[in-house]
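The values are calculated or read from the model by the stated rules, or taken from the named source; none is laboratory data. Everything numeric here is computed off the predicted structure, so don't read it as measured data. Here the Cβ positions follow ideal geometry from the backbone for every residue, glycine too, while neighbour counts run over all protein chains shown.
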Amino acid sequence: MGAGRDTAERPGAEVARLHILVLSDRDWTHPQGGGTGTNLHSQVVRWLGWGHRVSVIACSYPGAAAREVDGSLTLHRVGGRSTVFPRAIAAQSRGLVPDADVVLEVVNGITFLTPLWCRTPRVTLVHHIHADHYVRELGARGRLAALALETLPLRLLYGRSQFLTISQASARDIAAHGIDPRRIEVSYLGVEHRQFGPDPASRAPEPTLLYLGRLKRYKRIEVVLDVLARNPGAVLELAGEGDHRPVLEAEIEARGLGDRVRMHGHVSEQRKLELYRQAWINITTSSAEGWGLSVTEAGACGTPSAALRLGGLAEAIDDGRTGVLAETPLQLAEKVGRVLADRQLRDALGRAALARASEFSWDATARRTLQLLDSQRRLAQPGAPPAAGCEPSSGDHHGAAEQVDTMRT
């Protein structure tokens with residue numbers, strides 16, 4: 001670990017340059033990286049900018065290199081979606097990344113069992129608990145999978161771990177697994193404000209719904225189709241890829257919605273921006289969502305969102321101010337219909353969604369994660385200098401900079 005000066009820190013203060021190891025099932029280059037990938041990438045680029053070194057161990061995928069190096073960033077890819085866990089444990093136990101100062105373990109329904117083998121100071125990041133996800137994807141077998149891969153490891157092994165999550169709802173679900181709430185920090189996701197912004201002239205001339213995300217069974221996109229069917233004047237822009245696509249295509253055909261649904265597949269960042277700006281309302285109906293990154297990204301484009309009142313979506317959307325929340329699919333269809341029919345309401349929701357999105361920044365999110373990682377390192381190394389970048393910056397948005405202190409579980 002190197003120590004030095006950082007011009008962004010207080011003058012004369014000694015700071016440390018860390019080597020941060022990230023363990024994740026997927027990195028942000030993976031075709032199914034999703035919101036987890038966006039979260040990791042947005043934070044990692046800032047840690048690199050503050051002078052730190054980052055190594056990532058994640059699964060491979062067709063066409064991916066086993067090792068990529070880009071300056072202070074190294075990506076290691078081992079195994080596939082299911083075998084990455086034992087292979088990452090084996091590789092790191094043999095010293096694949098021998099000199100990490102801290103470890104960020106990303107738990108997406110399956111743990112890396114770090115309490116059993118990792119002696120490096122660490123933080124466990126959980127976006128949301130996946131028990132319902134397992135059942136929706138696998139049926140009765142999913143209950144056993146959730147118990148073996150997520151529930152029992154968290155209950156039996158992680159009681160002394162430091163947790164980080166992205167909403168109060170997820171924090172409550174983690175605590176329900178026997179984790180002391182004092183060990184759970186909440187930090188909302190940021191927004192890439194340089195990438196997004198409103199453009200009223202780009203709004204589509206016809207009532208337009210947008211779903212943007214992975215096409216997975218647990219995302220319950222059929223409910224989005226229900227909403228569309230109950231609003232006959234609207235069209236749906238459906239952007240994303242996943243193994244549920246063939247089922248959705250058949251469902252769209254069976255419902256006679258083929259001329260009202262435009263399936264885009266995986267879209268570029270530029271096309272994503274265009275879709276957010278064109279939409280009249282962004283909609284998500286996932287059965288498990290820690291926060292809902294599309295909500296704040298849409299808001300940064302002046303587009304309100306609609307969702308079922310589940311998980312962190314109830315925190316991402318301020319019901320009646322930045323969008324609408326519903327208890328049932330029928331109620332969601334009715335509320336979306338009112339928004340589509342009332343331009344004055346729609347514009348007011350869009351303005352409030354834009355103002356709310358401005359409260360969140362990736363700078364603040366990345367800084368808080370770094371602070372939490374560094375606190376674990378300094379517990380193990382009393383007297384060590386703080387990590388570069390831990391000091392709050394004037395560039396942090398006010399709401400985002402205070403989000404953890406005011407949202408502590």
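Filter the stretch 174-203 for residues that are touching a strand residue (DSSP E or B) at 6+ places or on another chain (Cβ under 8 Å) and part of a loop (DSSP other than H, G, I, E, B); which is farthest from G350 (Cα to Cα)?
So, considering only residues that are touching a strand residue (DSSP E or B) at 6+ places or on another chain (Cβ under 8 Å) and part of a loop (DSSP other than H, G, I, E, B), the one farthest from G350 (Cα to Cα) is I179.
Spot the failing condition for P246; the list is (1) in contact (Cβ under 8 Å) with a residue 12 or more places away in the chain; (2) in a helix (DSSP H, G or I), and only one is missed.
(1)
Looking at the stretch 257-283, which of the residues that are closer than 23 Å to T29 by Cα and touching a Phe, Trp or Tyr at 6+ places or on another chain (Cβ under 8 Å) is surrounded by the most Cβ atoms within 10 Å (Cβ to Cβ)? Before you say what the answer is, go through the steps one by one.
Start the filter on the stretch 257-283 by keeping residues that are closer than 23 Å to T29 by Cα, which leaves 263-276.
Now narrow it down to the ones that are touching a Phe, Trp or Tyr at 6+ places or on another chain (Cβ under 8 Å): 273, 276.
On the way: L273: 19, Y276: 26.
By that ranking, first place goes to Y276.
Regarding R194, is this residue modelled with pLDDT under 95 and out of contact with any Ser or Thr (no Cβ under 9 Å at 6 or more places or on another chain)? Before you say what the answer is, go through the steps one by one.
Details: modelled with pLDDT under 95: yes; out of contact with any Ser or Thr (no Cβ under 9 Å at 6 or more places or on another chain): yes.
Considered against the rule, which asks whether it is modelled with pLDDT under 95 and out of contact with any Ser or Thr (no Cβ under 9 Å at 6 or more places or on another chain), R194 comes out as yes.
Select from the stretch 257-301 the residues that are in a loop (DSSP other than H, G, I, E, B), closer than 21 Å to A316 by Cβ and modelled with pLDDT of 95 or more and list them in ascending order.
Result: A279, W280, A300, C301.
What about D226, is it surrounded by fewer than 20 Cβ atoms within 10 Å (Cβ to Cβ) and free of Cβ contacts under 8 Å to residues at least 24 places away in the same chain?
The answer is no for D226.
I'd like to know if the stretch 166-176 contains one or more residues that are over 29 Å from L40 (Cβ atoms) and of a type outside the set (G, A, S).
Of all residues in the stretch 166-176, those over 29 Å from L40 (Cβ atoms) come to none.
No, every residue in the stretch 166-176 fails to be over 29 Å from L40 (Cβ atoms) and of a type outside the set (G, A, S).
Which one is surrounded by the most Cβ atoms within 10 Å (Cβ to Cβ), of the residues in the stretch 148-158 that are closer than 24 Å to R214 by Cβ and either of a type in the set (A, V, I, L, M) or in contact with a Lys or Arg (Cβ under 7 Å, 6 or more places away or on another chain) (or both)?
L154
Look at G350 and say whether it is buried (at least 24 other Cβ atoms within 10 Å of the Cβ), touching a strand residue (DSSP E or B) at 6+ places or on another chain (Cβ under 7 Å) and not aliphatic (A, V, I, L, M). I'd like the intermediate steps shown before the answer.
Values: buried (at least 24 other Cβ atoms within 10 Å of the Cβ): yes; touching a strand residue (DSSP E or B) at 6+ places or on another chain (Cβ under 7 Å): no; not aliphatic (A, V, I, L, M): yes.
Answer is no for this residue.
Could you tell me whether the stretch 154-161 includes any residue that is in contact (Cβ under 8 Å) with a residue 40 or more places away in the chain, assigned to a loop (DSSP other than H, G, I, E, B) and of a type in the set (D, E, K, R)?
yes
So, restricting to strands (runs of 3 or more DSSP E) that lie completely within the stretch 22-135, which ones have at least 3 residues that are at pLDDT 95 or above and buried (at least 23 other Cβ atoms within 10 Å of the Cβ)?
By residue number, 53-58, 102-107, 122-126.
Hey, can you tell me all the residues within the stretch 311-329 that are touching a residue at least 60 places away in the same chain (Cβ under 8 Å) and either surrounded by fewer than 20 Cβ atoms within 10 Å (Cβ to Cβ) or assigned to a loop (DSSP other than H, G, I, E, B) (or both)?
Hits for the stretch 311-329 are G311, G312, A314, E315, P329.
When you look at T208, is it among the β-branched types (V, I, T), touching a residue at least 40 places away in the same chain (Cβ under 8 Å) and either assigned by TED's automatic domain parsing to the domain that holds N231 or in contact with a Cys (Cβ under 6 Å, 6 or more places away or on another chain) (or both), yes or no?
yes
Pick from S161, S167: which is buried (at least 18 other Cβ atoms within 10 Å of the Cβ), within 20 Å of L104 (Cβ to Cβ), among the small types (G, A, S) and touching an Asp or Glu at 6+ places or on another chain (Cβ under 8 Å)?
Going through S161, S167 in turn, the sole match is S167.
Quick check on my filter: what residues within the stretch 330-345 are of a type in the set (A, V, I, L, M, F, W, C) and surrounded by 15 or more Cβ atoms within 10 Å (Cβ to Cβ)?
The answer is L332, A333, V336, V339, L340, L345.
For the stretch 365-379, indicate whether the set of residues that are under 30 Å from I20 (Cβ atoms), modelled with pLDDT under 95 and among the acidic types (D, E) is non-empty.
The answer is no, given that none of the residues of the stretch 365-379 is under 30 Å from I20 (Cβ atoms), modelled with pLDDT under 95 and among the acidic types (D, E).
Give just the number: which of (1) within 18 Å of L293 (Cα to Cα); (2) outside the structural domain of V295 (by TED's automatic domain parsing); (3) crowded, with 22+ Cβ neighbours inside 10 Å does Q195 not satisfy?
(3)
Would the stretch 284-292 turn up any residue that is assigned by TED's automatic domain parsing to the domain that holds E249, without any contact (Cβ under 8 Å) to a residue 24 or more places away in the chain and either over 16 Å from V223 (Cβ atoms) or surrounded by fewer than 24 Cβ atoms within 10 Å (Cβ to Cβ) (or both)?
Checking the stretch 284-292: not a single residue is assigned by TED's automatic domain parsing to the domain that holds E249, without any contact (Cβ under 8 Å) to a residue 24 or more places away in the chain and either over 16 Å from V223 (Cβ atoms) or surrounded by fewer than 24 Cβ atoms within 10 Å (Cβ to Cβ) (or both).
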